[in-house]
Structure formats: C-alpha cells, structure tokens
Amino acid sequence: MQTKLDEAKAELLTRAARVAENSPGGVRHPTGGEQGESPDQGVLLSYLQRYYLHTAAEDLADRDPVDVYGAALSHYRLAEIRPQGTANVRVHTPTVEENGWTCSHSVVEVVTDDMPFLVDSVTNELSRQGRGIHVVIHPQIAVRRDLTGKLIEVLPTAKRPRDPKDLPHDALIESWIHVEIDRETDRPDLKQITSDLLRVLSDVREAVEDWEKMREAALR
C-alpha cells in the first residue's frame, strides 16, 4: 500500500523525467538513444525508478525535479566508459552554472562491478576521513557494454536485477553508489577523496577475487 510520501516520490520522478525535454541539444540521455535524440519518456522514467528504487521518499521530498534528474544523469555520464575490472569515481560539488543542477552537499559517485562490502567500504573510508554522510543512494544497475567498456544500454530490469531470465547473456550487474557528504569546495581535497576511494575499491576487488579463488580451491 502506497503512502502519501511514496505517491509524492512517484510524482517527483515523473516530473524529473520531463526535465529532459528542456535539456540543451547534444545531451545523451539514459534512454538507449543516440546523442541529441529526443528522450523516450517511458524509458527515462524507468531508469529513474531503478536509480531511486531504494531511496527513502523523505530523502527526495524537498528536492527540485531538475536536481533529481541531474544527479541521475551525472551518474549515467560517469558510467559511459568503464573498462572491465576497473572502478570509476568522481567527487564534486555540483552547481547550476557548471553542471546544470545543484546539491546542498558534495557528491561522491562510484561505478563498479557489483561486489560484497562496497557500500560499507566507501562509507567507512569517508567516515575515517571525518566526512559527514547525509544520503546514500545505491542502485544495482544491469548494463551492456562493448569490449572497450563503452556503455551500450542500461537494461530495464524492474525489481529483479539478478534473475538471469531477465537479462541477456552479455549483461553485467554494476553497483552505482551516490553518497552526499559535507559540502567541500577545495578542489585538491576533492581529488584526494577520489584517490583514497579508488585505493579502497581496489582493495575490495582484490579481497573478493582472492576469496573466490580460495573458495574454488576448497571446492576442488
């Protein structure tokens, strides 16, 4: 049963999907189309619903649809190129002038293969640095990429992203992590956070791969 907050969230995402209609030409939207094409509202709304699926309605309640769409589009752009076995990380303080959307906090964005311990590792590192954490958005996104890591499409996986029957053979499940931290405008500081998180994500990948190798050896 939907609450009033859930209904308000659904309406906000619908309004956010319409923001793309007024975007400047040359922008590639997360709809599977080519750059500059008019966005498909149905596909775009499906992407926003997947992106914000587990986000509490109260975390979005006071936000402008432009900023809700802007955050999801920003993450999509970060994901456009990701070679196999790597992580993309961006830490920035978005402004309307530079980015077309804004946030009252600085934003950490991560795109990587879905693995255990990712969110805990990212948030623990940010806490270790004394960064206040305000919002965490963590969708699991099914995608298709070419051999160079270029994003071909975000798949409309509804509510079961891990069910192989829902996915083509070349699909990947990725973790897209959006964390809002205390506002920071010092660019060297933002670069240092990025560097530290890349190191942490590399450590997580090594630990997971070593664990899988040990498990396979034990099974043999």
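The values are calculated or read from the model by the stated rules, or taken from the named source; none is laboratory data. Given the structure is predicted, the values throughout are model-derived calculations rather than measurements. Reconstructed Cβ throughout: ideal geometry from the backbone, glycine too, with neighbour counts over all protein chains shown. Accessible surface is based on the protein model in full, side chains and every heavy atom, while ligands, DNA and RNA are left aside. Shrake-Rupley method; radii C 1.70, N 1.55, O 1.52, S 1.80 Å.
Worth pointing out:
- The range 50-104 - charge dipole about Cα centre, Lys and Arg +1 at Cβ, Asp and Glu -1, debye rounded to 20: 380
- Each Lys and Arg contributes +1 and each Asp and Glu -1, all at the Cβ; summed about the Cα centre of the range 35-155, the dipole is approximately 340 debye.
- The convex hull drawn around the Cα atoms of the range 44-110, when projected onto a plane and averaged over every direction, covers 5.2 nm².
- Over the range 112-161, accessible surface divided per residue gives 51 Å², non-protein components excluded, 1.4 Å probe.
- When the solvent-accessible area of the range 36-136 is split by element, carbon and sulfur atoms take up 48 percent of it, the probe being 1.4 Å.
- For S46, solvent-accessible area (1.4 Å; no DNA, RNA or ligand), Å²: 40
- Length gained when the stretch I173-E80 is fully extended (0.36 nm per residue, less Cα-Cα span): 32.0 nm
- Förster radius 35 Å - calculated FRET efficiency between D196 and T95 (Cβ-Cβ, nearest 0.05): 0.90
- Whole-angstrom gap from the range 67-125 to the range 175-202, using each part's C-alpha centre: 9
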